[in-house]
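Notes for the one structure printed next.
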Amino acid sequence: MRIDIATLFPEMCEAVLSESIVGRARKNGLVEVHCHNIRDYTLDKHNRVDDTPYGGGKGMVMQADPIWRCYQAVCEMTQDKPHVIYLSPQGKVLTQAMSVEYSKMEHLFLLCGHYEGVDERIIEKIVDEEVSIGDYVLTGGELPALVLADSVIRLCDGVLSGSECFEQESHYNGLLEYPQYTRPEEWEGMRVPEVLLSGHHANIEKWRMEQSLKRTEQKRPDMLKTYQKGSN
Ligand code: ADE
């Protein structure tokens, strides 16, 4: 998989994507990620990338042309037409199911807006879908792009040590994950549940499923409803 990120703040993206599991996946050649500075694609001698909105109003709007030129350069470089996602609070809210679908794609192009957003015409011209990471407004699309990239990259083949890493986790099967414990068996007077020390795998599985259902009911009743509907 290849992910290209078009942004005015490539260093911010690069810093996050060089660390931990994602950084290692890149080093090991499991995913290719490239951060592009939209400012490098302007023809303006002052490297201008934004201007005031037609019709008046506050703030600045990112111009279509530098973004278009950045997109075309990526298409040319890769001889490919990536799936283009514009990170925006107006988009469809990201879910685990969407990340699973993106992780099957060969090539994503993530467009990060800033200020009052981007000229609508670039959305019409290149964007396949708009994605939001939640119903709140951030200063730009960089953090959302990083969230999306992280959730997609960790699902790519070979990035985590085995499929069990995400088969059990929260949201994978529509339920929250069961509670986890590690050594010592007793800490501050609190003991690890006996069943986990029993070595009885069937009982452990049963206990974990019960705990998943219970927590989902307590913490995310909305998810439990969807889960029950799906299993009918
Ligand atoms: N840009 C600003 N806020 C955003 C959000 N919540 N999701 C995606 N992109 C954004």
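The values are calculated or read from the model by the stated rules, or taken from the named source; none is laboratory data. Since we're looking at a predicted model, the values are computed, not measured. No Cβ is skipped: glycine too gets one built from the backbone with ideal geometry, and neighbour counts run over all protein chains shown. In case anyone asks, the SASA skips ligands and DNA or RNA and just uses the protein heavy atoms, side chains included. Shrake-Rupley method; radii C 1.70, N 1.55, O 1.52, S 1.80 Å.
Take the conditions within 16 Å of the ligand (Cβ to nearest atom), in a strand (DSSP E or B), of a type outside the set (Asp, Glu) and in contact with a Phe, Trp or Tyr (Cβ under 7 Å, 6 or more places away or on another chain) and apply them to Val131. Does it pass?
no
What tally of residues in the stretch 163-213 results from selecting those that are among the aromatic types (Phe, Trp, Tyr), assigned to a loop (DSSP other than H, G, I, E, B) and free of Cβ contacts under 8 Å to residues at least 24 places away in the same chain?
Summing the residues that are among the aromatic types (Phe, Trp, Tyr), assigned to a loop (DSSP other than H, G, I, E, B) and free of Cβ contacts under 8 Å to residues at least 24 places away in the same chain in the stretch 163-213 gives 1.
Which condition does Cys75 not pass, out of (1) out of contact with any helix residue (DSSP H, G or I) (no Cβ under 9 Å at 6 or more places or on another chain); (2) open to solvent by 30 Å² or more (accessible area, probe 1.4 Å); (3) hydrophobic (A, V, I, L, M, F, W, C), if it passes all the others?
It fails just one condition, (2).
Taking the stretch 1-22 only, how many residues are farther than 22 Å from Val100 by Cβ and assigned to a helix (DSSP H, G or I)?
Number of matching residues: 6.
Could you grab the pairs with beta carbons closer than 6 Å, sequence gap of 6+ or different chains, first residue in the stretch 57-78 and of a type in the set (D, E, K, R), second one open to solvent by less than 80 Å² (accessible area, probe 1.4 Å)?
Qualifying pairs under 6 Å: Arg69/Tyr41.
Report whether or not Glu116 is modelled with pLDDT of 95 or more, open to solvent by 70 Å² or more (accessible area, probe 1.4 Å) and more than 9 Å from the ligand (Cβ to nearest atom).
Spelling it out, it is not the case that Glu116 is modelled with pLDDT of 95 or more, open to solvent by 70 Å² or more (accessible area, probe 1.4 Å) and more than 9 Å from the ligand (Cβ to nearest atom).
Determine which single condition Val100 fails, assuming it passes every other condition in (1) in contact (Cβ under 8 Å) with a residue 40 or more places away in the chain; (2) within 16 Å of the ligand (Cβ to nearest atom); (3) in a helix (DSSP H, G or I); (4) not basic (Lys, Arg).
Against the list (1) in contact (Cβ under 8 Å) with a residue 40 or more places away in the chain; (2) within 16 Å of the ligand (Cβ to nearest atom); (3) in a helix (DSSP H, G or I); (4) not basic (Lys, Arg), Val100 comes up short only on (2).
Glu130 versus (1) under 22 Å from Ser20 (Cβ atoms); (2) open to solvent by 40 Å² or more (accessible area, probe 1.4 Å): which is the lone unmet condition?
Condition (1) is where Glu130 drops out.
Looking only at the stretch 78-93, decide whether some residue is buried (at least 20 other Cβ atoms within 10 Å of the Cβ), within 16 Å of the ligand (Cβ to nearest atom) and not in a strand (DSSP E or B).
So far as the stretch 78-93 goes, no, none of its residues is buried (at least 20 other Cβ atoms within 10 Å of the Cβ), within 16 Å of the ligand (Cβ to nearest atom) and not in a strand (DSSP E or B).
Filter the stretch 103-112 for residues that are open to solvent by less than 30 Å² (accessible area, probe 1.4 Å) and either of a type in the set (A, V, I, L, M, F, W, C) or in contact with a strand residue (DSSP E or B) (Cβ under 6 Å, 6 or more places away or on another chain) (or both) and give the result.
His107, Leu108, Phe109, Leu110, Leu111, Cys112
Restricting to the stretch 134-186, count the residues that are within 16 Å of the ligand (Cβ to nearest atom), open to solvent by less than 20 Å² (accessible area, probe 1.4 Å) and among the hydrophobic types (A, V, I, L, M, F, W, C).
5
Scan the stretch 26-50 for residues that are of a type in the set (D, E, K, R) and farther than 18 Å from Asp65 by Cα and jot them down.
Arg26, Lys27, Glu32
Looking at (1) assigned to a helix (DSSP H, G or I); (2) of a type outside the set (Lys, Arg); (3) surrounded by 13 or more Cβ atoms within 10 Å (Cβ to Cβ), which is the only condition Glu124 fails?
All conditions are met except number (3).
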